[in-house]
Structures are given as C-alpha cells and as structure tokens.
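S.K.: Structure incoming, see below.
The values are calculated or read from the model by the stated rules, or taken from the named source; none is laboratory data. The structure presented is a predicted model; accordingly, all values stated were derived computationally and were not measured. In this analysis, Cβ positions are derived from the backbone assuming ideal geometry, glycine residues included, and neighbour counts consider all displayed protein chains.
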Amino acid sequence: MGTLYIVATPIGNLEDITLRALRILREVRLIAAEDTRTARKLLSRYDIHTPTTSYFTHNQVLKTPYILEQLAAGDVALISEAGTPGVSDPGAELVRAVIAAGYPVVAIPGPSAVPTAMAVSGFPADRFVFLGFLPRRSKERRALLAQVAALPWTVVFFEAPHRVLDSLEDVEAVLGDRPAVAARELTKMHEQVQRGTISELRAALVAGDTRGEFTFVVAGAPAPERPAWSREAVAEVLRERLREGIPARQAAREVARAASWKVRDVYQLYTELKQETSH
C-alpha cells in the first residue's frame, strides 16, 4: 500500500526546500504537480527524475482515480505550484479521496507564504484569520470581509495583481483604514515588503508596481475604547486603594489604567482629596 506525501515546495527561492522533501521526491513512483513546468525547474535543479503528472483545479476529478491507481502500486507525492498543497492550492479533494480509499497521508512541511508574511509583518500571530484569495467580485469580497470585521485577530489574504487596487478599496471600506503590510514576491529576487495603512498602501501601489504575487497582512479590529470613569468613581476607588496601604503613586497608576484616566490627573485628584481631608 502506497502513501500520499503532501510536499511543500519553495514559494520563490529554490533553496527553500528541505532535505526530507528532496528525498521523498526522489523515492516516490510519481509526482502529481499543479504545474508540471514549474515542477521541472525544481526537479532539474536537484537532479530528480521521478515521473510527473499534472493535477490542478480543472482536471482533479479526472486525475484523482489515476492517482489512486498509482497509490495501489507505491508512494505518490503531491506538490503545488508553490508552497504547501491544499493551502489555497489544489489538494484537499485528493486528500479526502485518498483517506476514503484507506491510504495513509503524510505531510512534508516547508514553505508557505502565510507564515512567511506573518513573520515579517510584526502583527500578533498567536491568533489570525486566513481568507485565502479574496472573491473576484466586489460584492462577494465585501460580504466575506464583513464576517471578520469585528474580530481582533490579524487578517491574512492573497490577491492577484490585477485585482489588488480594487480589493484594497473594499478592504478599507469594510475594515477601515487599518495598519497593514503588503508582501510582494516573497523570497524572490524582487521581494518587497511595504508597510502603512490600507489607504497608504493603495496609494503607493497606484504610483508604483502591482505586478507579482501579493500576500496582505492586516491588523485586527481595534479594541473598543472604554468610557472614562467619573470623578466620583475615581475618587472612591482611589480612597479604597490608599486605605489598603498602597503608596499614592502606585495607586494613581493602577486607578488610571482601570479608569482610562491619565496618571497625572489621578495624582492631581489625590492631592485635592488630601487637602480636603486636612481641613
């Protein structure tokens, strides 16, 4: 019984491939590639002569039975045009079919534009939302963006060069003019990382170059501003903290943080309260 290996390949620089990936590509009986021309460049670079077959969105229904036949005789590797198969690339349908047929599936991890762009963005990466390629039509784009507009998590998406400007217009309209990063041609010779607000990035791209593959990273929704406490509420909590024996400056800092006040204003209130009690 063969194994289907999901092999991550470089998103640009051909040196970004693991030793394990190269070994698997040499050892399998067949490589199913999203683009056989791109695959040949990689395989030729590392002197790999494993037979290849095409497997892409428009032929996956026809090619899936063939790949299952090949798995009956040995191992098969699946690669996309770039990055990790199944991440905004063909592959998920084949994986489901292979699992249903009872064959094992093993992932060979490696390059992906999503974590690469996240790493250079500087935005929080503990929680993020990945939208893949945004829909082609503005109405559908805006509907999708509206679903994540209130989330505090970083948003990541891909976009094609000819839709970049229109998509950014929709992103600004739905998410607001948030901080963002446009990562273009990651790991390639003309790699470029631009930072700014959505409107600033759009203006820069209008005046510059929209060619290449884009990954956008957008800051999550800002936390809603809390209403500041009233003078009476701040005074009450401040007195309580002071009665607990907390030093005045420390109490002022703590109360200011909780009350959305400036520290100096809380400390000024402390001096006023102190004067009142001294009379």
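S.K.: For the subset of the range 49-68 comprising residues that are polar (S, T, N, Q) and under 15 Å from LEU25 (Cβ atoms), which member is surrounded by the most Cβ atoms within 10 Å (Cβ to Cβ)?
M.R.: Out of the qualifying residues, it is THR52.
S.K.: Could you list, in sequence order, the residues of the range 34-71 that are at pLDDT 95 or above and of a type in the set (A, V, I, L, M, F, W, C)?
M.R.: Listed by number, the residues that qualify are ALA39, LEU42, LEU43, ILE48, ILE67, LEU68, LEU71.
S.K.: Only helices (runs of 4 or more DSSP H) wholly contained in the range 182-279 count here; list those with 2 or more residues that are closer than 30 Å to PRO10 by Cα and at pLDDT 90 or above.
M.R.: Values: elements: 198-207, 231-243, 248-259, 263-278.
Output list reads 198-207.
S.K.: Give me the residue from the range 105-120 that is touching a helix residue (DSSP H, G or I) at 6+ places or on another chain (Cβ under 8 Å) and assigned to a strand (DSSP E or B) and, out of that set, farthest from LEU186 (Cα to Cα). Before the answer, list the steps.
M.R.: Within the range 105-120, the subset touching a helix residue (DSSP H, G or I) at 6+ places or on another chain (Cβ under 8 Å) is 105, 108, 110.
Going one step further and asking which of them are assigned to a strand (DSSP E or B), we end up with 105, 108.
Working: VAL105: 28, ILE108: 21 Å.
Step by step, filter the range 105-120, then rank; the result is VAL105.
S.K.: Can I ask one more? Conditions: (1) of a type outside the set (Lys, Arg); (2) touching a residue at least 40 places away in the same chain (Cβ under 8 Å); (3) outside the structural domain of ALA149 (by TED's automatic domain parsing). HIS49 meets all but one. Number of the miss?
M.R.: HIS49 satisfies every listed condition except (2).
S.K.: Consider the range 20-51. How many of its residues are of a type in the set (Ser, Thr, Tyr) and either touching a helix residue (DSSP H, G or I) at 6+ places or on another chain (Cβ under 6 Å) or closer than 16 Å to LEU71 by Cβ (or both)? Spell out how you get there, then give the answer.
M.R.: Filtering the range 20-51 down to residues of a type in the set (Ser, Thr, Tyr) leaves 36, 38, 44, 46, 50.
Those still in the list that are either touching a helix residue (DSSP H, G or I) at 6+ places or on another chain (Cβ under 6 Å) or closer than 16 Å to LEU71 by Cβ (or both) too: 46, 50.
Summing the residues that are of a type in the set (Ser, Thr, Tyr) and either touching a helix residue (DSSP H, G or I) at 6+ places or on another chain (Cβ under 6 Å) or closer than 16 Å to LEU71 by Cβ (or both) in the range 20-51 gives 2.
S.K.: Continuing with the same structure: So which of LEU94, LEU43, LEU19 ends up being in contact (Cβ under 8 Å) with a residue 24 or more places away in the chain and either assigned by TED's automatic domain parsing to the domain that holds GLY132 or not polar (S, T, N, Q) (or both)?
M.R.: Criteria check complete, one pass: LEU94.
S.K.: Do any residues in the range 156-168 that are touching a residue at least 24 places away in the same chain (Cβ under 8 Å) and crowded, with 16+ Cβ neighbours inside 10 Å have Cβ atoms under 6 Å from those of residues that are of a type in the set (D, E, K, R) and not in a strand (DSSP E or B), where the two are at least six apart or on different chains, and which pairs are they?
M.R.: From the range 156-168, the pairs are LEU168/ARG202.
S.K.: Let me ask another. Residues of the range 165-181 being out of contact with any Pro (no Cβ under 9 Å at 6 or more places or on another chain) and either modelled with pLDDT under 95 or more than 17 Å from GLY208 (Cβ to Cβ) (or both), which ones?
M.R.: Once the filter is applied, which keeps residues that are out of contact with any Pro (no Cβ under 9 Å at 6 or more places or on another chain) and either modelled with pLDDT under 95 or more than 17 Å from GLY208 (Cβ to Cβ) (or both), the range 165-181 yields ASP170, VAL171, GLU172, ALA173, VAL174, LEU175, ASP177, PRO179.
S.K.: Follow-up. Would the range 126-136 turn up any residue that is of a type in the set (Phe, Trp, Tyr), at pLDDT 95 or above and buried (at least 19 other Cβ atoms within 10 Å of the Cβ)?
M.R.: For the range 126-136, residues of a type in the set (Phe, Trp, Tyr), at pLDDT 95 or above and buried (at least 19 other Cβ atoms within 10 Å of the Cβ): present.
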